[in-house]
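Here is the structure we will look at, set down as structure tokens.
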Amino acid sequence: MSDDQPPPRVRVTAPHAGSAAASARPVPHHGAEAPTSDIAGVYVRSLIRSQLRLGIVFAVGFAVATALFVLAIALVPQLDETFVVGVPLSWLLLGAGVYPLAITVGALYVRAASRNEARYRSLTEDE
Amino acid sequence: MNAAIGYIAIAAVAIASALIGFYGLRVSRTTSDFYVASRTVRPWWNASAIGGEYLSAASFLGIAGLILLTGSSALWFPIGYTAGYLMLLLFVAAPLRRSGAYTIPDFTEARLESVWARRITSTLVIVIGWFYIVPQLQGAALTVRITTGLPAWVGSLAVAVIVAVVVAAGGMRSITFVQAFQFWLKLTALAVPVCALLLLVGDVQPALPPVEAFPPSAGPGDLEVYRTVSLMVALLLGTLGLPHVLVRFYTNPDGVAARRTTVIVLVLLSVFYLFPTAFGFLGRAFAPDLAASGDADALILLLPERLIPGPLGDVLTAFVIAGAFAAFLSTSSGLVVSLAGVISQDLLGGSVRGFRIAAVLSSFVPLVVALATQSSGLAGSVGLVFAFTASTLCPVLLLGIWWRGLTARGAIAGMLTGAVLSGVAILGGAAVSSWLPALRPFLEQPAAWTVPIAVLVTVLVSRGDRRGIPRGTDRFLTRLHAPEPAGHHRREG
């Protein structure tokens, strides 16, 4: 595979309704041949399970962290009485505080998900 | 309000959109060009394009209006609109890119090997798209009425006509560059006025002292738990099923790039939403009378000239009007492109002529609805569309990606259950809660119970239909989740 050659521009067309065969595989895809053996199937299933677990852990983590953050804002009345540029601190925190959390969770997830895929890749390529 | 500013700003955006549409005529002539997408678009461009299409009237005008009207509970809307992309990242982005499906109906048909599952998904996508366009047209009506003094229907009609003409002429809207530009236009159109107002507002006396403008009774401490949780369920899960979002993921070269793009979308949306939030805060301090007059959604349009009378205020006003119109046009045309694609493929044979007819149809049905109904707050109406999407398309998408036991019958049963429950709650909620007030929050924010029921029905019916598991399930799931081989592409980043 040459690194200098740009991949050819692929024209993407939506499949026509009714042709199930066409819509099942609208684009040739190199990465995902069907499992050729039982062991390959086992690897894929364990990849799916670990990716799902990862997604749920991060989603629950985000929900719990957000809930705790909001609870903290609600339970500290001083935040309502502290004004920064004329706006209570509690409003500013809720208005801007959850976004950094979402970005952090997202960035960490991308690393973890790629690690799962690298593990799968090394298992399947060892064969 | 100086009507000339309104005319100039609206005309400039309309002409720019039309020019882009006609330029698109020269670029795209064949059927496939209408759906064309280069799969080597860089993540930053792609993320800007997703933001450009996603930020609608609800984000641009609705959030500030709702903060003015209801206080800090409105801050949950931008949080939900942003965190929806986190859910997209965690559960959908990479597998959906790898599926090769171009629309949600394509995905359900390929996954479930059922034409009926496809038809029902298509119908839902069309209904969702139409009801998502309605608030855009209502936002346009409000903007035209406030800024030019013309009757409100002129605004809805103008946006519907421009969108129909541009999409039918070019299909240009699917070009990433244009949507990416829209994002930065919308961001600038809010960021510049906010910064100018914050710098210059020092010598203006607030209409209300801070303690009255931000009372603790409307603050974060006074949380309605059920409503907030239900709204979050709707916004977080509804984002997964929006018809115009999926198409954008297709322009990523692979699943890993799809994830990276989504993280950048999170960053861009987080930055954007700080500005409508700031507008809302300014509004509470300086223009509390707008909340009483029922024109809260016009806060962003009216605030600049109120606080800074004179030419500078006029320029800033022109900025926000242009940004608002860009928001109506870009979201509506993104939706019309997706809807026209679905309608023309499923009903009109997928020809160029069919696409054009479908584009006109997709713009005019929402126009009729927009003219016949009264806007009850832009952010709220879009929130209900998210609740409907979360109850119908989201369970099928999530279970289709992650659960091998899903069958076509289960998917259809779940989609219909979710559609009926959330549809009845949204449309009939007002009537029911007038004689059963205790049910009001559950009908006004239905997602927290309609989504679990839809998921449950999908799972139970699929369980009872084990022989209905499509034969290609393992193959398809492998394709969704197996990473591309290392080094299959090196040309990105």
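The values are calculated or read from the model by the stated rules, or taken from the named source; none is laboratory data. Keep in mind it's a predicted model, so treat the numbers as computed, not measured. Glycine also receives a Cβ, built like all others from the backbone with ideal geometry; neighbour counts cover every protein chain displayed.
Report, by residue number, each residue of region A:98-111 that is more than 8 Å from every other protein chain (Cβ to nearest Cβ) and surrounded by fewer than 15 Cβ atoms within 10 Å (Cβ to Cβ). Residues satisfying the conditions are A:Thr104, A:Leu108, A:Arg111. So which helices (runs of 4 or more DSSP H) are wholly in region B:168-275 and hold at least 3 residues that are among the β-branched types (Val, Ile, Thr)? It comes to B:176-200, B:225-238.
For B:Ala448, the criteria (1) within 14 Å of chain A (Cβ to nearest Cβ); (2) farther than 21 Å from B:Thr407 by Cβ; (3) touching an Asp or Glu at 6+ places or on another chain (Cβ under 8 Å); (4) not aromatic (Phe, Trp, Tyr) hold in every case but one, which is (3).
Just one of the numbered conditions (1) among the hydroxyl-bearing types (Ser, Thr, Tyr); (2) surrounded by fewer than 24 Cβ atoms within 10 Å (Cβ to Cβ); (3) closer than 24 Å to B:Gly423 by Cα is not true of B:Thr70: (3).
Within region B:258-272, residues that are facing chain A (nearest Cβ under 9 Å) sit with their Cβ atoms under 8 Å from residues that are surrounded by fewer than 24 Cβ atoms within 10 Å (Cβ to Cβ) and among the polar types (S, T, N, Q), at 6+ positions apart or across chains, in these pairs: B:Arg259/A:Ser114. Looking only at region B:436-467, count every residue that is among the hydrophobic types (A, V, I, L, M, F, W, C), in a helix (DSSP H, G or I) and farther than 30 Å from B:Leu112 by Cα and tell me the total. Within region B:436-467, residues that are among the hydrophobic types (A, V, I, L, M, F, W, C), in a helix (DSSP H, G or I) and farther than 30 Å from B:Leu112 by Cα number 4. If you go through region B:139-167 and keep only what is in contact (Cβ under 8 Å) with a residue 12 or more places away in the chain and under 15 Å from B:Leu299 (Cα atoms), you end up with B:Gly139, B:Ala140, B:Ala141, B:Leu142, B:Thr143, B:Val144, B:Ile146, B:Thr147. Any residue at all in region A:76-87 that's touching a residue at least 12 places away in the same chain (Cβ under 8 Å) and either loosely packed, with under 14 Cβ neighbours inside 10 Å or at the interface with chain B (Cβ under 7 Å from one of its Cβ atoms) (or both)? Within region A:76-87 (the criterion being touching a residue at least 12 places away in the same chain (Cβ under 8 Å) and either loosely packed, with under 14 Cβ neighbours inside 10 Å or at the interface with chain B (Cβ under 7 Å from one of its Cβ atoms) (or both)), the answer is no, since none of the residues qualifies. Among residues that are polar (S, T, N, Q), surrounded by fewer than 24 Cβ atoms within 10 Å (Cβ to Cβ) and modelled with pLDDT under 95, B:Ser56 is not included. The residues listed here are B:Trp116, B:Trp130; of these, the one that is surrounded by fewer than 24 Cβ atoms within 10 Å (Cβ to Cβ), within 18 Å of the chain's Cα centre (by Cα), hydrophobic (A, V, I, L, M, F, W, C) and more than 10 Å from every other protein chain (Cβ to nearest Cβ) is B:Trp130. For residues in region B:73-98 being small (Gly, Ala, Ser) and within 9 Å of chain A (Cβ to nearest Cβ), which is nearest to B:Leu269 (Cα to Cα)? Only one residue tops the list, namely B:Ala83.
When B:Thr407, B:Thr458, B:Thr478, B:Thr473 are checked against the criterion of being among the β-branched types (Val, Ile, Thr), within 14 Å of chain A (Cβ to nearest Cβ), buried (at least 21 other Cβ atoms within 10 Å of the Cβ) and over 18 Å from B:Ile128 (Cα atoms), B:Thr478 stands alone in meeting it. Of all the listed residues (B:Pro193, B:Pro206, B:Pro215, B:Pro243), the sole one being within 14 Å of another protein chain (Cβ to nearest Cβ) and surrounded by 18 or more Cβ atoms within 10 Å (Cβ to Cβ) is B:Pro243. Within region B:333-368, the set of residues being modelled with pLDDT under 90, surrounded by 22 or more Cβ atoms within 10 Å (Cβ to Cβ), more than 14 Å from B:Ser122 (Cβ to Cβ) and among the hydroxyl-bearing types (Ser, Thr, Tyr) comprises just one member, B:Ser333. A:Phe58 meets the conditions (1) at pLDDT below 95; (2) touching a Phe, Trp or Tyr at 6+ places or on another chain (Cβ under 6 Å) in every case but one. The failed one is (1).
The helices (runs of 4 or more DSSP H) located wholly in region B:48-156 that include 1 or more residues which are of a type in the set (Phe, Trp, Tyr) occupy B:76-91, B:104-112, B:115-148.
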